[in-house]
Amino acid sequence: HLANFENTSNWNYQRDRNVAEYAPHVHNASLQVVRNASMDPIKYLMKYFEIKANQETLADVQRVAEDISRLEEAVANVQRREAEIVAMINPPAFILQRYAGEFWSLVGAHLSPITVPYPNYKFQYVSAGGNSGQTVNINLDTPTLDALSETLVQKIRWAKSAAGQRALMTARLRGWIKDRDRHTCQNPACGVSVAVEPNLLLEVDHIVPVSRGGLSEPENLQTLCWRCNRTKGAKMPA
Ligand SMILES: [Zn+2]
């Protein structure tokens with residue numbers, strides 16, 4: 001489920017409607033609209049935040065999706081590294097369960113909770129009296145961005161266009177390509193893999209670029225490490 005529903009009612013609390021949130025990503029709406037947004041987040045996101053189904057939007061959504069997916073991977077790497085450090089120090093389990101904060105402050109290691117700062121869109125209803133409220137939060141995480149991309153492609157019916165092809169690069173397809181390539185950089189001059197370098201950042205590359213008519217199909221996709229992907233234009237034949 002792509003949206004999360006939150007009851008923000010606060011009994012006897014007089015909310016000042018004049019200081020309600022009017023941030024750009026907050027839509028103040030009727031209770032019905034808030035409920036509908038929870039049932040069909042993509043449709044309501046597009047309608048009320050004026051996300052237009054065109055090539056430009058697709059390119060934007062795709063760029064955000066790639067950045068978010070890269071961030072998710074980087075955060076997962078840091079968390080894995082953290083787990084390795086914890087495993088190395090290896091305090092008794094009961095300490096981690098019950099006194100983790102105190103233990104780590106005594107050790108001097110500060111494990112900061114790292115999360116991906118997902119763009120957030122909000123549908124918000126506040127009753128006339130001010131003490132009843134409902135909020136629907138839509139985080140632009142990978143499943144939501146993929147669903148948004150797929151909806152845009154359907155709306156534009158541009159599966160063969162460059163923008164449509166980029167949009168068809170979903171997180172699921174990226175994961176599948178990396179599995180197929182055994183999480184190994186496919187540049188023969190490199191060949192670095194996650195087995196050798198556990199925190200390696202791998203990316204999925206179009207062998208024939210989308211701008212030259214390359215499709216988002218398995219035969220045209222390969223796994224590259226981030227270093228090779230950055231220098232692909234200079235060093236590898238496209
Ligand atoms: Zn490489």
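For a straight C-alpha distance cut-off of 22 angstrom, the lysines reachable from Lys155 (same-chain residues fewer than eight places away being disregarded) are Lys43, Lys47, Lys52.
With the gyration tensor restricted to C-alpha atoms of region 3-158, the semi-axes of the equivalent ellipsoid amount to 37, 26, 11 Å, longest first.
Heavy-atom surface analysis with a 1.4 Å probe gives region 3-158 a carbon and sulfur content of 52 percent of its accessible area.
Percent of accessible area on region 169-238 owned by carbon and sulfur, 1.4 Å probe?
Numbers: 2200 of 3870 Å².
Ligands and nucleic acids excluded, carbon and sulfur give 57 percent.
Residues whose amide H comes within less than 5 Å of that of His27, counting only those at least five positions distant or on another chain, are Lys122, Phe123, Gln124 (H built at 1.01 Å from N in the peptide plane).
The values are calculated or read from the model by the stated rules, or taken from the named source; none is laboratory data. If you're wondering where the values come from, they're calculated on a predicted model, not measured in any experiment. Calculation scope for accessible area: heavy atoms of the full protein, side chains included, ligands and nucleic acids excluded. Shrake-Rupley method; radii C 1.70, N 1.55, O 1.52, S 1.80 Å.
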